[in-house]
Amino acid sequence: MQEHIVIIGNGISGITCARHIRKNSNHRITVISAETKHFFSRTALMYIYMGHMRYVDTKPYEDFFWEKNRIELLYDYVENVDVDKKTLSIKSGANLKYDKLVIASGSKSNKFGWPGQDLKGVQGLYSYPDLELMEENTKDISRAVVVGGGLIGVEMAEMLHSRNIPVSFLVRESGFWNNVLPPLESELIGRHIREHGIDLQLSTELESIEGDENGKVKAVITKSGEKIECQFVGLTVGVHPNIDFLKSSGIETEKGVLVNKYLETNIEDVYAIGDCAQFREAPGHNRRNVEQVWYTGRMHGEALAHTLCGNKTAYRPGNWFNSAKFFDIEYQTYGWVMPGLQDNELDFYWEDLSGKKALHFVFDKTDKVFKGINALGIRLRHEIVDRWLTEKRTVEYILEHFKDANFDPEFSKKYEKEIVEKYNAEFKTDLKVRKKNLMKIFKLN
């Protein structure tokens, strides 16, 4: 039986769900978004501002793709959801009926009630309209302040730096992103940010934002009383699920829309995926109930599409991984490398003399089974590191076979020998670097 499946949100989770529904069914699909008319790569927003890409280059599919695949796109805003009548109230005045509803409404930037936070020139950065606003707000300015020490904060600092706009970067914590990164990685990235001319101020909190007679930002005041004159303030203190429109719907929410492992809400035929979904039970060891990561949103969408097409499928995320970029240092993490060692854990840290490359291994103290790695400035092959975690390889096996995972360009310098020598010296072992197992890599690829 053909059903009408309506998806609120055209980000990676919603569009992945739509694509996989179409692959496996003849259901009618409508995707509603008030952000953009077509799906684009949100992670590329910064590159549009920096001039590396155009908006059109960030769209993974040609505009004709949607009609060709019978995915209806509605550029509008959902104001209310009536779950009894299975009807959506649309801002343009229309009502839309659904048989199955998927909430994939994403996130929006946090604000914490600072005086002056609504002045012109003060904003977050999450959506494409945010990017357009940033273009307007940063024209002809002489100084900017970025508040918040996470990934969006460092991206915004780099964006402003690319236009030669001086930036003060205010981070509440004592080290950059040290609620995620262990101290040595945090220090490395902090140095790197400062080397690019960014005024990184640690242990610094925002008190208020001052405006001029025209309602535009002119300065920030820190809790220590320092006044920093500026014409732009980027608030990058995290995001929260975009679910205000569900308040009177009867759909249960807390921080996000509450779902089970099948991404089902408390209301029959209503589901939630992506940044706005909150699992009633965390989907794995150390994982959060709200996972605001690009690849997890993609996995949510694919898992739910199978369910909507008659093959009920639980979300099973597998091994944790993530990646980011801090100016020109790439970062990858696999498994769990916490800011501090947990019970029964040991670690091994190697850093190149340049201070631009580092590896941090965490492993079990008893049997040396590999638990996680942070890689800075060295690219790793996802398939191999993920397999090592699944197979519960020891850290010593990994060090001896690390060439298999190195994904750096062919003629770049390799560091396996000195990494193993440092481990041998610290742990009184006699490990040897094994030859690269090319046959296994070819089979993986």
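The values are calculated or read from the model by the stated rules, or taken from the named source; none is laboratory data. Treat the numbers as computed from the prediction; the structure is a model and nothing was measured. Here the Cβ is made from the backbone with ideal geometry for all residues, glycine too, and neighbour counts use every protein chain on show. Quick note on the areas: whole protein, heavy atoms, side chains included, nothing else; ligands and nucleic acids left out. Shrake-Rupley method; radii C 1.70, N 1.55, O 1.52, S 1.80 Å.
Place +1 on the Cβ of every Lys and Arg and -1 on the Cβ of every Asp and Glu in the chain, take the dipole about the Cα centre, and give the residue among 211, 305, 284 whose Cα lies farthest towards its positive end.
My answer, from the dipole projection, is 305.
Once neighbouring chains are kept in place and the probe is 1.4 Å, which whole percent of the accessible area of the range 59-209 is contributed by carbon and sulfur? The partial results should precede the final answer.
Working: 3320 of 7160 Å².
The nonpolar share, carbon plus sulfur, comes to 46 percent.
Taking θ as phi - 60°, what are the ³J(HN,Hα) couplings along the range 385-394 by the Karplus curve (6.51, -1.76, 1.60), each to the nearest whole Hz, with x for Gly and Pro?
5, 4, 5, 4, 5, 5, 7, 6, 5, 7
Just to confirm a number: summing +1 for Lys and Arg and -1 for Asp and Glu over residues other than residue 271 whose beta-carbon lies under 11 angstrom from that of residue 271, what do you get? Write down the numbers at each step before the final one.
Details: positive: 100; negative: 264, 268, 269.
With Lys, Arg at +1 and Asp, Glu at -1, the neighbours total -2.
What 222 nm value per residue comes from the helices of the chain, counting each DSSP H run with n ≥ 4 as -39,500 (n - 2.57) and dividing by all residues, nearest 500 deg cm²/dmol?
Details: 11 runs with 108 residues, N = 445.
It comes out at -7000 deg cm²/dmol, rounded to the nearest 500.
At a probe size of 1.4 Å, how large is the accessible area of residue 346, to the nearest 10 Å²?
For residue 346, solvent-accessible area is about 60 Å².
Express in nm, to one decimal, how much length is gained between residue 229 and residue 288 on full extension, taking 0.36 nm for each residue of separation and deducting their alpha carbon distance. Intermediate results must be reported in sequence, preceding the final value.
Values: separation 59, 0.36 × 59 = 21.24 nm, distance 3.79 nm.
Taking residue 229 through residue 288 to full extension adds about 17.5 nm, to one decimal.
Where nothing but the Cβ of Lys and Arg (+1) and of Asp and Glu (-1) is charged, how large is the charge dipole of the range 142-247 around its Cα centre, in debye to the nearest 20?
For this selection, approximately 100 debye.
Of the heavy-atom accessible surface of the range 273-385 (probe 1.4 angstrom), what whole percent is carbon and sulfur? Write down the numbers at each step before the final one.
Numbers: 2170 of 4720 Å².
With neighbouring chains kept in place, the figure for the range 273-385 is 46 percent.
For the range 416-428, just list the computed ³J(HN,Hα) in residue order, Karplus coefficients 6.51, -1.76 and 1.60, θ = phi - 60°, integers in Hz, with x standing in for Gly and Pro.
Those phi angles translate into 4, 4, 6, 5, 5, 4, 5, 4, 4, 5, 6, 10, 6 Hz.
Give me the 1.4 Å probe accessible area per residue for the chain, excluding ligands and nucleic acids, in Å². Write down the numbers at each step before the final one.
On the way: 21160 Å² over 445 residues.
Roughly 48 Å² per residue, with all protein chains present.
If you stretched the chain out fully between residue 128 and residue 295, how much longer would it get, using 0.36 nm times the residue separation minus the C-alpha to C-alpha distance? Walk me through the numbers before you get to the answer.
Details: separation 167, 0.36 × 167 = 60.12 nm, distance 1.92 nm.
This chain segment gains 58.2 nm when fully extended.
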